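Contents: one structure, followed by commentary.
Quick note: the coordinates plus some simple rules give every number you see, no bench work behind them. Quick caveat: nothing in here was measured; it's all calculated off a predicted structure. Every residue, glycine among them, receives a Cβ derived from its backbone with ideal geometry; neighbour counts consider all protein chains shown.
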Amino acid sequence: MKRVVMALAVLAVLAGGGIAYQTLILASAQSQTAGQPRATPVVPVVVAAARREPTPVRLDAVGTVQAIASVAVKSRIDGLIAEVKVRDGQYVKAGDTLLLLDQRAAEAQVRQMEAQVARDRAQLTNAKRDVNRFAPLVAKDFVSHQQYDTAVTNSQALEAGAKADEASLENAKVLLTYYTIATPMDGRIGTIGLKAGSNVKANDLPILTINQTKPIWVAFSLAQSDFPAVRRAMEAGPVEVDVAAPGDSEAPEKGRVEFFENAIDATTGTIALKATFDNPQERLWPGEFVNVSVMLSVEEDALVVPQAAVQVGQSNNYVFVVRPDSTAEMRPVQVTRNVAGKSVIAKGLEPGEQVVTDGQLRLSNGSRVEIRSAERPGKPGSPS
């Protein structure tokens, strides 16, 4: 038992000595490193210079393509569709025949009225001959005045009847044209709802719809604060508008602002505008959403930096400026607008100053930086 107690005592002494030794070693190490300055890490960054260059003043919005004219084609009379002359989705021009209705009864009525008019003209011609014959005879009392007056009255009545029948004939000819349904304008038709053999009623459901696609409108809205600038630009001349449809890799379609609405929407605080586009290739389609860019003017001496350099803070925008001693300075800036990947700076920078475009997340005010060149996509050895 005494041996066990002595062994435990020896172990306790050794453990205490080890703890004391480690404490002394750690204290010595800390005292040695406390007086040495801590090395500041160098952050690799990519920079670009702020410079002045001509920059467009433009407003961006999302718009909707609208047909300038849309016509729902209906029949003006009851009838049977005899022939459909177009197909679904076809482009048609003004005056092209769309549908033919069964017009045999109408043609017969026209021929009947033509015969009636021919009969009236023959009777009127004979009545005028009687008047011409009786005129010299009544002066010599060979014919009574009553007979002469009767001949004149008969001639006048037949002339009035002929004119009435001629008017009826014209009306019948007009009704005959209703059996041929033609397009009133250039445009593209949609789905044809009724086919040959179908019965139609006057002013019933549309048979088909035609949308004018060349030229075409794009409707969009701008904030009411932008409205004065738009008005000034329109007073100076045509205001150019570019639109690009999502998924269309070709150059934007170019048009011009046609008009703006006569009132500002009090609910949204926006003003609605419409721009006209020739749309020769029909790249713009009714109902399509497009990106709209309104070109107001060009600022010849704007100070710009890459848009990637501008960071959004809690109270303002800021950039990191690389100072001559290779340290970063966080500086607030006032951004006027963003155009084609560039930010126009109104306050906070001077031309030629270097701003960080990549690596900002690792920076703080006063961080040391190392400027590196931007990696070009596709360069050998660079990540794709």
(request) Determine the distance separating the Cα centre of segment 121-168 from the Cα centre of segment 74-96; give it in Å without decimals. (result) 49 Å
(message) On a full-extension model of 0.36 nm per residue, what is the gain between D130 and K195, subtracting their alpha-carbon distance, rounded to one decimal in nm?
(response) 17.7 nm
(request) For the pairs K173/K214; K93/K201; K93/K195, note any where the Cα-Cα span goes beyond 30 Å. (result) K173/K214
(message) Rounding to the nearest 10 and keeping the result within 0 to 90°, find how far the Cα-based axis of helix 104-139 lies from the longest principal axis of the chain.
(response) 40 degrees
(request) Would you mind telling me the antiparallel percentage of the DSSP bridges in the chain, rounded to 5? (result) 95 percent
(request) Please list, or write none, the lysines whose alpha carbon is within less than 28 Å of the alpha carbon of K140, excluding same-chain residues fewer than 8 places away. (result) K128
(message) Among A162, A135, A172, which one shows the highest mean-square fluctuation when the chain is modelled as a Gaussian network with alpha-carbon springs under 10 Å?
(response) A135
(request) Evaluate the relative contact order of segment 103-178 (contact order divided by residue number), counting alpha-carbon pairs under 8 angstrom at least 6 apart; express in whole percent. (result) 52 percent
(request) For the chain, with a Gaussian network of springs between Cα atoms less than 10 Å apart, report the residue from L175, L222, L361 with the top mean-square fluctuation. (result) L361
(message) On a full-extension model of 0.36 nm per residue, what is the gain between D278 and E235, subtracting their alpha-carbon distance, rounded to one decimal in nm?
(response) 13.3 nm
(request) Could you work out which residue, out of D149, D265, D186, moves most in a Gaussian network model of the chain, that is, has the largest mean-square fluctuation with Cα springs under 10 Å? (result) D149
(message) Using a 7 Å offset from the Cα along the Cα-to-Cβ direction at both E250 and L100, what is the distance between the two label points in nm, to one decimal?
(response) 3.7 nm
(message) For the chain, what does the convex hull of the Cα positions come to per residue, in cubic angstrom?
(response) 392 Å³
(request) Report the Stokes-Einstein translational diffusion coefficient (µm² s⁻¹, integer) for segment 103-178, Rh taken as the Kirkwood radius over Cα pairs, at 37 °C with viscosity 0.692 mPa s. (result) 236 µm²/s
(request) With only Lys, Arg, Asp and Glu charged, each at its Cβ (+1 for the first two, -1 for the last two), find how big the charge dipole of segment 103-178 is about the Cα centre; round to the nearest 20 debye. (result) 200 debye
(message) Less than 16 Å apart at the alpha-carbon level, and either on another chain or at least 8 residues along: which aspartates and glutamates does that give for K85?
(response) D96, D102, D186
(request) Only Lys, Arg, Asp and Glu count, each charged at its Cβ (+1, +1, -1, -1), so figure out the dipole size of the chain about its Cα centre, rounded to 20 debye. (result) 1400 debye
(request) Mind checking which of Y178, A167, Q103 is farthest towards the positive end of segment 103-178's charge dipole, using Cβ charges of +1 (Lys, Arg) and -1 (Asp, Glu) about the Cα centre? (result) Q103
